[in-house]
Amino acid sequence: MPNSPIRVRMAPSPTGLLHIGNARTALFNYLFARHTGGTFILRIEDTDAARGSQEYEDVIYRALQWLGLDFDEGPQQGGDFGPYRQSERFDLYKGVAAQLVEAGQAYYAFETPEELAQMRAQQAQNKQPPRYNGAHRDLTGAQRAQFESEGRKGVLRLKIPEGQITFPDAVYGPISWKNADIDDFVIAKSDGGPTYNFACVVDDHLMQISHVIRGEDGLSNTPRQCLIYDALGWERPIFAHLPFLLGPDRKKLSKRNADTVSLLDFGHILPDAMFNYLAQLGWNPGGGETQEIFRATS
Ligand code: GLU
């Protein structure tokens with residue numbers, strides 16, 4: 001949304017600690033919002049209720065507050081685009097999913113996990129990449145009714161058109177993917193709950209996010225997200241993916257890696273020191289300027 005007001009978000013899943021890689025991504029969003037007079041939003045991506053928890057959500061609040069990053073909108077602040085927890089937005093996702101089915105852009109597929117496993121085994125044998133083969137793309141009403149009467153619950157899949165998807169990444173430059181490399185992926189699970197890519201697009205659109213600034217692991221999701229925007233006829237935001245911070249083992253920091261340290265474990269140093277360190281990790285003001293000290297409040 002190039003000409004709309006600047007609105008950026010941090011969208012953590014409350015499934016673990018908040019490490020300094022997450023904090024740096026939050027910081028870049030925050031600085032961009034503050035620099036441009038934009039709005040900085042916190043959205044909690046807790047669709048995976050089994051893994052998320054209130055405890056981890058609290059860790060996110062405490063850690064970002066310690067660092068001095070204050071949100072303009074979020075579960076605690078409220079705002080005009082709430083609710084800001086995905087678990088409270090399921091009706092919105094269902095409405096948009098129905099819109100896609102109505103428009104013929106998405107369809108229910110009824111394969112059982114065993115049938116899908118068989119499909120993948122067959123593809124492995126044929127040295128083909130594992131992917132959904134589109135078998136249920138054009139089911140008739142009678143076929144659908146038959147599957148449902150067998151007690152099968154369908155997943156909702158996006159119908160991927162032919163062609164290729166191209167988007168300009170503000171950091172990596174133009175990125176292109178062949179649609180042929182993307183299968184008809186699931187946007188709503190058999191219990192009706194949205195998958196990450198679907199919920200993320202619906203929310204970024206409805207919350208009028210202008211720039212999606214996130215870690216480079218988002219880059220492989222972005223073509224799929226662009227396909228969802230396009231299927232809905234929605235304008236895409238500007239994407240900017242930030243390179244990872246690496247640990248001493250040269251591997252990316254990950255909340256699932258036991259060696260990764262929580263931002264809150266740095267509580268013994270001044271938050272301004274951390275803010276300053278993160279601000280200059282992979283960036284400097286350039287132009288011969290000598291400023292090396294930056295503060296959340298300056
Ligand atoms: N919930 C995703 C994560 O924590 C958010 C990715 C994004 O910013 O779109 O990785």
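The values are calculated or read from the model by the stated rules, or taken from the named source; none is laboratory data. The structure presented is a predicted model; accordingly, all values stated were derived computationally and were not measured. We place every Cβ from the backbone using ideal geometry, glycine too, and count neighbours over all the protein chains shown. Ligands, DNA and RNA are excluded from the accessible area calculation, which covers all protein heavy atoms including side chains. Shrake-Rupley method; radii C 1.70, N 1.55, O 1.52, S 1.80 Å.
Could you pull out the residue among ASP169, ASP204, ASP184 that is more than 13 Å from the chain's Cα centre (by Cα), over 13 Å from THR47 (Cβ atoms) and within 14 Å of the ligand (Cβ to nearest atom)?
Details: ASP204 fails: more than 13 Å from the chain's Cα centre (by Cα); ASP184 fails: within 14 Å of the ligand (Cβ to nearest atom).
ASP169 is the lone residue from the list that is more than 13 Å from the chain's Cα centre (by Cα), over 13 Å from THR47 (Cβ atoms) and within 14 Å of the ligand (Cβ to nearest atom).
For PHE198, which of the numbered conditions (1) within 28 Å of LEU246 (Cα to Cα); (2) within 16 Å of the ligand (Cβ to nearest atom); (3) among the aromatic types (Phe, Trp, Tyr) fails to hold?
Tallying (1) within 28 Å of LEU246 (Cα to Cα); (2) within 16 Å of the ligand (Cβ to nearest atom); (3) among the aromatic types (Phe, Trp, Tyr), PHE198 fails exactly one: (1).
Would you kindly identify the helices (runs of 4 or more DSSP H) lying entirely within the stretch 1-120 that contain at least 2 residues that are within 12 Å of the ligand (Cβ to nearest atom), under 26 Å from PRO243 (Cβ atoms) and open to solvent by less than 70 Å² (accessible area, probe 1.4 Å)? Spell out how you get there, then give the answer.
On the way: elements: 20-36, 54-67, 90-102.
Filter on the stretch 1-120 gives 20-36.
Restricting attention to the stretch 136-161, report how many residues are within 28 Å of ARG214 (Cα to Cα) and assigned to a loop (DSSP other than H, G, I, E, B).
3
How about the stretch 43-82: which of its residues are of a type in the set (Ser, Thr, Tyr) and touching a Pro at 6+ places or on another chain (Cβ under 8 Å)? Even if it seems obvious, please write down each step before you answer.
Start the filter on the stretch 43-82 by keeping residues that are of a type in the set (Ser, Thr, Tyr), which leaves 47, 53, 56, 61.
Within the stretch 43-82, THR47, SER53, TYR56 qualify.
So the check is Cβ under 7 Å with 6+ separation or different chains; which pairs have a first residue in the stretch 57-81 that's within 16 Å of LEU18 (Cα to Cα) and a second one that's open to solvent by 30 Å² or more (accessible area, probe 1.4 Å) and not in a loop (DSSP other than H, G, I, E, B)?
If the second residue must be open to solvent by 30 Å² or more (accessible area, probe 1.4 Å) and not in a loop (DSSP other than H, G, I, E, B), the pairs left are VAL59/LEU264; ARG62/LEU264; ALA63/LEU264; TRP66/LEU264; TRP66/PRO271; LEU67/PRO271; GLY68/PRO271.
Would you call ASP181 closer than 14 Å to PRO223 by Cβ and at pLDDT below 95? Quick ask: steps written out before the conclusion?
On the way: closer than 14 Å to PRO223 by Cβ: yes; at pLDDT below 95: yes.
Criteria met by ASP181.
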